[in-house]
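K.L.:
I'd like to ask you about the structure that follows.
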Ligand code: NCD
């Protein structure tokens, strides 16, 4: 069996995500974003975080604007998170139902975009199973329109990377002292790739990539991480562990995988396997969780779990991003 699946993402295209004033014009990938830019977005998102038990923070900076959620792949939390983020900024929100969308009837994605532009949609939030779709849309939209990537095949999930970074930064402001172990199906994971980009750019202490053979990232990807094909050495020194779901929908039937039971025993983030850790690590997971496979309830719901915080912080990250790209798009349009 091959050690690593050859699923390296294409190099980021030349299309600039950043406008003349340094603000994000679109968000397609975290590749190439500076530490200053990422830090500024995390700082902006913190302004949208209300203390627990308080009312959600609201603003009307996007009043009169329309955000279209185009999810051509299933999603619950990311779509809900974008919808709430847009609503809390005062925008109108359109959720295009993939099951009834014209894409199924053979209309090209760009025809769908042009149709929605004619209805005065200002921001497109796009999730698609194919590599390159968010960039293609960003290249095609009018000057006053912005695009946010909400999950692109196995290669990019920038808003997830930013919410993971915000969550761990809030729990451990001394990120430079933190060892993060990302455990699971790395080869097929856009979450792992975007998390690596965010944490590496922010100067985290160490990133351990832990995966069974066949699920590791290609050797040339992410040189600043240490790789482990066994759990024990990968998590022994971890301050935080991010567990990932096995991406069955991206794995072709010929790849040989561990059974769910063997995976749970050997790579699961479980009460038993946490005994391999010297410290008591924080636990992260992007969701949706498969309890009994990559994680158990003891870890998912325990006192060290940040999983609910990740969801909460996700809305704030998306508010910060929507506000920024919309403001940049308006200026680009001369408004
Ligand atoms: C992830 C995704 O869609 O990539 N989920 C999410 O956005 N919260 C992870 C997954 O599907 O396993």
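K.L.:
Tell me which residues, restricted to the stretch 169-184, are more than 23 Å from residue 28 (Cβ to Cβ) and within 16 Å of the ligand (Cβ to nearest atom).
P.N.:
Step one: of the stretch 169-184, the residues more than 23 Å from residue 28 (Cβ to Cβ) are 170-181, 183-184.
Across the stretch 169-184, the qualifying residues are 183, 184.
K.L.:
Any residue that is in contact with a helix residue (DSSP H, G or I) (Cβ under 7 Å, 6 or more places away or on another chain) and part of a loop (DSSP other than H, G, I, E, B) - is there at least one of those in the stretch 260-276? Let's see the steps before the verdict.
P.N.:
As a first pass, look at the stretch 260-276 and keep what is in contact with a helix residue (DSSP H, G or I) (Cβ under 7 Å, 6 or more places away or on another chain): 266-267, 269-271, 273-274, 276.
Then keep just the ones that are part of a loop (DSSP other than H, G, I, E, B); that gives 270-271.
Yes, some residue in the stretch 260-276 is in contact with a helix residue (DSSP H, G or I) (Cβ under 7 Å, 6 or more places away or on another chain) and part of a loop (DSSP other than H, G, I, E, B).
K.L.:
Residues 93, 61: which one is part of a loop (DSSP other than H, G, I, E, B), away from the ligand (no atom under 16 Å from the Cβ), under 15 Å from residue 318 (Cα atoms) and at pLDDT 95 or above? Don't jump to the end; show me each part of the working.
P.N.:
Working: 93 fails: part of a loop (DSSP other than H, G, I, E, B).
After ruling out the rest, the residue left standing is 61.
K.L.:
Sticking with this structure for a sec: Can you report the number of residues in the stretch 146-162 which are in a loop (DSSP other than H, G, I, E, B) and near the ligand (Cβ under 8 Å from one of its atoms)? Walk me through it before giving the result.
P.N.:
Let us first name the residues in the stretch 146-162 that are in a loop (DSSP other than H, G, I, E, B), namely 153-155, 157.
Now drop any that are not near the ligand (Cβ under 8 Å from one of its atoms), which leaves 157.
Residues flagged as in a loop (DSSP other than H, G, I, E, B) and near the ligand (Cβ under 8 Å from one of its atoms) within the stretch 146-162 amount to 1.
K.L.:
A follow-up question, please. If residue 196 passes every condition in (1) touching a strand residue (DSSP E or B) at 6+ places or on another chain (Cβ under 8 Å); (2) more than 16 Å from the ligand (Cβ to nearest atom) but one, which one does it miss?
P.N.:
With (1) touching a strand residue (DSSP E or B) at 6+ places or on another chain (Cβ under 8 Å); (2) more than 16 Å from the ligand (Cβ to nearest atom) applied to residue 196, the lone miss is (2).
K.L.:
Out of (1) at pLDDT 90 or above; (2) out of contact with any strand residue (DSSP E or B) (no Cβ under 9 Å at 6 or more places or on another chain), the odd one out for residue 16 is which?
P.N.:
Unmet condition: (1).
K.L.:
With the requirement that a residue be closer than 24 Å to residue 320 by Cα and buried (at least 16 other Cβ atoms within 10 Å of the Cβ), what does the stretch 102-131 give you?
P.N.:
Our first condition is that a residue be closer than 24 Å to residue 320 by Cα; within the stretch 102-131, this holds for 113, 116-117, 120-128.
Those that are closer than 24 Å to residue 320 by Cα and buried (at least 16 other Cβ atoms within 10 Å of the Cβ): 113, 116, 117, 121, 122, 123, 124, 125, 126, 127, 128.
K.L.:
Anything in the stretch 125-145 that is modelled with pLDDT of 95 or more and either part of a strand (DSSP E or B) or under 10 Å from the mean Cα position of the chain (by Cα) (or both)? List them, or say none.
P.N.:
125, 126, 127
K.L.:
Are any of the residues in the stretch 277-290 surrounded by fewer than 21 Cβ atoms within 10 Å (Cβ to Cβ) and farther than 30 Å from residue 174 by Cα?
P.N.:
yes
K.L.:
Across the stretch 256-310, what is the number of residues that are out of contact with any strand residue (DSSP E or B) (no Cβ under 8 Å at 6 or more places or on another chain), under 23 Å from residue 81 (Cβ atoms) and away from the ligand (no atom under 15 Å from the Cβ)?
P.N.:
Looking only at that region, the number is 1.
K.L.:
Please name all residue pairs, on different chains or six or more residues apart, with Cβ atoms under 6 Å, provided the first residue is in the stretch 63-79 and is within 10 Å of residue 126 (Cα to Cα) and the second residue is within 16 Å of the ligand (Cβ to nearest atom) and part of a loop (DSSP other than H, G, I, E, B).
P.N.:
Final answer for the pair search is 73/129.
K.L.:
Among the residues of the stretch 304-311, is there at least one that is farther than 17 Å from residue 212 by Cα and in a loop (DSSP other than H, G, I, E, B)?
P.N.:
Of the residues in the stretch 304-311, the ones farther than 17 Å from residue 212 by Cα are 304-311.
Filter once more, so that each one left must be in a loop (DSSP other than H, G, I, E, B): 304, 306.
Taking every residue of the stretch 304-311 in turn, at least one turns out to be farther than 17 Å from residue 212 by Cα and in a loop (DSSP other than H, G, I, E, B).
K.L.:
Kindly provide the set of residues from the stretch 311-335 that are modelled with pLDDT of 95 or more and farther than 25 Å from residue 84 by Cβ, ordered by number.
P.N.:
none
The values are calculated or read from the model by the stated rules, or taken from the named source; none is laboratory data. Only a predicted model underlies this, so the values are computations on that prediction, with no experimental measurement involved. So basically every Cβ, Gly included, is an ideal-geometry build from the backbone, and we count neighbours across all protein chains shown.
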